[in-house]
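All remarks here apply to the structure that follows.
The values are calculated or read from the model by the stated rules, or taken from the named source; none is laboratory data. Here the structure is a predicted model, which is why all the values come from computation and not from measurement. Don't worry about glycine lacking a Cβ; one is built from the backbone with ideal geometry, like all the others, and counts go over all protein chains shown.
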Amino acid sequence: MSLNLLSLETSGRSGSVAISCSDLSFEELQNHPELIDRIVTTSESLDPSSGSAKTLAPAIGRLLTQLGLLTKDLDAIAVVQGPGSFTGLRVGVATAKAMAYALGIPVVAVDTLDVIAHQVAQIEDRPRRIDLIASVDAFRGQSFWGRYLIDGMGYTKVAPTGIEDNEVLASRIDGALPAIASNGQDSALWVAGPSMRKLQECFDADATERISWIACEPMAKSVASLGWRAWVGGQTEDIFGLLP
């Protein structure tokens, strides 16, 4: 019997859902978390024109049918908790809580910015060291952001999540360029995430060329990867206390 994890990503205007199935036992994954990367995940994107409130439940149903599963076959749920669009996050979190409560299964919360950092860390042929600004649109000319160091060991968050005007954040990023450049050719500054293009507009041409701009939408497949690690690591949430 497989372990089945449902993952929900609803932090922005678009979103996605995923179900991943592991033939390994919970104890095997606890003892060998590196095997999580081998788990097969099937995902479906949500229609951005309809909103997650209308499309999330049908997408979950289609994935279950595609995989020959019933709702009762799910063993845990991973959901993006934020930051991001409050409307989308509320739909995802409410769905995760309702399903987890009804099924009596655990739910794990995943940070949107961690999802972006995880996806960037998977990019092949990247520089050895990346200073990453992961960004999510906070609307009204602002962005949620977090700073990460990505190297051969993966990613590490080196600055807490913040929210700032795009112009202020752009100035902060521009000020970091000289120090990063001094680390040599194997080091680079990348800006990634749904807010990337709005931030790019705040820079002059010279600064723009010295930064790598990565169009990186958080995906449910990555939520699954982080969700598995949180689940087997015992980082589950109190269903009633979980909020976007």
Considering only helices (runs of 4 or more DSSP H) fully contained in region 178-244, which possess at least 1 residues that are under 18 Å from I130 (Cα atoms) and either hydroxyl-bearing (S, T, Y) or at pLDDT 85 or above (or both)? 196-200, 205-209
Criterion violated by L103 - all others in (1) surrounded by 20 or more Cβ atoms within 10 Å (Cβ to Cβ); (2) touching a Lys or Arg at 6+ places or on another chain (Cβ under 7 Å) satisfied: (1)
Here is a check on your reading of the model: is L149 within 25 Å of A230 (Cβ to Cβ), surrounded by 23 or more Cβ atoms within 10 Å (Cβ to Cβ) and in contact with a strand residue (DSSP E or B) (Cβ under 9 Å, 6 or more places away or on another chain)? no
The strands (runs of 3 or more DSSP E) lying entirely within region 49-151 that contain at least 3 residues which are of a type in the set (D, E, K, R) are 129-139
Would you mind finding the one in L24, L64, L35 that is surrounded by 15 or more Cβ atoms within 10 Å (Cβ to Cβ) and without any contact (Cβ under 8 Å) to a residue 24 or more places away in the chain? L24
Take I163 and tell me if it is part of a strand (DSSP E or B), outside the structural domain of S14 (by TED's automatic domain parsing) and either within 23 Å of T87 (Cα to Cα) or polar (S, T, N, Q) (or both). yes
